[in-house]
1. When you look at ALA144, is it part of a helix (DSSP H, G or I), touching a residue at least 24 places away in the same chain (Cβ under 8 Å), among the small types (Gly, Ala, Ser) and in contact with a strand residue (DSSP E or B) (Cβ under 8 Å, 6 or more places away or on another chain), yes or no?
2. Considering only residues of segment 158-208 that are of a type in the set (Asp, Glu) and surrounded by fewer than 20 Cβ atoms within 10 Å (Cβ to Cβ), which is nearest to LEU242 (Cα to Cα)?
3. Of these, HIS27, HIS15, HIS44, which one is surrounded by fewer than 20 Cβ atoms within 10 Å (Cβ to Cβ) and either among the basic types (Lys, Arg) or within 23 Å of PRO139 (Cβ to Cβ) (or both)?
4. Suppose the filter is modelled with pLDDT under 90, small (Gly, Ala, Ser) and crowded, with 22+ Cβ neighbours inside 10 Å; does SER233 pass it?
5. Hey, SER124 hits all of (1) crowded, with 18+ Cβ neighbours inside 10 Å; (2) modelled with pLDDT under 85; (3) not assigned by TED's automatic domain parsing to the domain that holds SER189 but one; which does it fall short on?
6. Tally up the residues in segment 132-169 that are acidic (Asp, Glu) and either at pLDDT below 90 or under 24 Å from PHE52 (Cβ atoms) (or both), please.
7. Any residue in segment 54-77 that is of a type outside the set (Phe, Trp, Tyr), surrounded by 20 or more Cβ atoms within 10 Å (Cβ to Cβ) and more than 26 Å from PRO110 (Cβ to Cβ)?
8. Going through GLN73, GLN93 one at a time, which residue ends up being in contact with a Pro (Cβ under 9 Å, 6 or more places away or on another chain) and either on the phi > 0 side of the Ramachandran plot or touching a residue at least 40 places away in the same chain (Cβ under 8 Å) (or both)?
Amino acid sequence: MGESRRGRASLRNEHRVERMERFLAEHYAEDIDVPQVARAAGVHPQYASALFRDLRGRPLVEALARRRVAQAQLLLRTTDATVLDVALTSGFQSLSRFYAAFRRFVGQSPAAFRAAAPLPPAESSQAPVLHVLWIDDQPLNNLAERRLLATRGLFTDAYTDNRSALRALEHASFDLIISDIHRGRAHESGWDLLRELRRQNLRVPFFFYTGDADARLRHRAERASAHGAFHRSGELLQALLLACGESGSTSSEAEKSPDRPSD
């Protein structure tokens, strides 16, 4: 019983931090502060800062600064905007703060960074924020994978059963769906969810993530109009990004990724 309570508490805290990360990704360009981020997660500002540090290993304010610097790097490499415009567009309120943060996290000045790695202008100068619905009856098993997705702008809402997932789809829009297959004695839960979504004519890209994603399962997934079945987090991330029109992770990243535990 004690372990069960600790597991539920750990999952609640992970959800709170994920909400903070999503808020940062969606509002980093605005003049936001810790109390606003905390409200998005439904916790006290002091608790939000401590919780974020405990689960992510860095202060909340540092995560915000890193997110802004990452956006500045994208703008420097893909646009000809002035350094001042890049700083302001990325959420920094002054050039001095921008230069200090950029040197701290990148190790060089914005001008030196731009000169060292120029790229042609991209169609979009803002990293996308994508919403992912993840269904798994053991959500604590996927914390590492969900954190990996968050680093690429894919933020998850986690549910443990089909009914709650379908309710979520009634009230919110999701860009991608990930599901397990077996849940306890229900060996077709993931397939049941996919069939119901297709019956409702919901064509959101659907992916299976399971420890037994062999060739036979992948073939069945393709025939059922899923976008694939995976057991390595790197391969899953690559497929998700490709489905959204982005470049995926490299093959070496996929090879290093751990296997997903069997359902």
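The values are calculated or read from the model by the stated rules, or taken from the named source; none is laboratory data. These figures come from a predicted structure and were not determined experimentally. Counting neighbours? That spans all protein chains shown, and the Cβs are built from the backbone with ideal geometry, glycine included.
1. The answer is no for ALA144.
2. Applying the filter and picking the extreme gives ASP175.
3. Of HIS27, HIS15, HIS44, the one residue that is surrounded by fewer than 20 Cβ atoms within 10 Å (Cβ to Cβ) and either among the basic types (Lys, Arg) or within 23 Å of PRO139 (Cβ to Cβ) (or both) is HIS15.
4. Criteria met by SER233.
5. Failing condition for SER124: (1).
6. Number of matching residues: 3.
7. Among the residues of segment 54-77, not one is of a type outside the set (Phe, Trp, Tyr), surrounded by 20 or more Cβ atoms within 10 Å (Cβ to Cβ) and more than 26 Å from PRO110 (Cβ to Cβ), which makes the answer no.
8. GLN73
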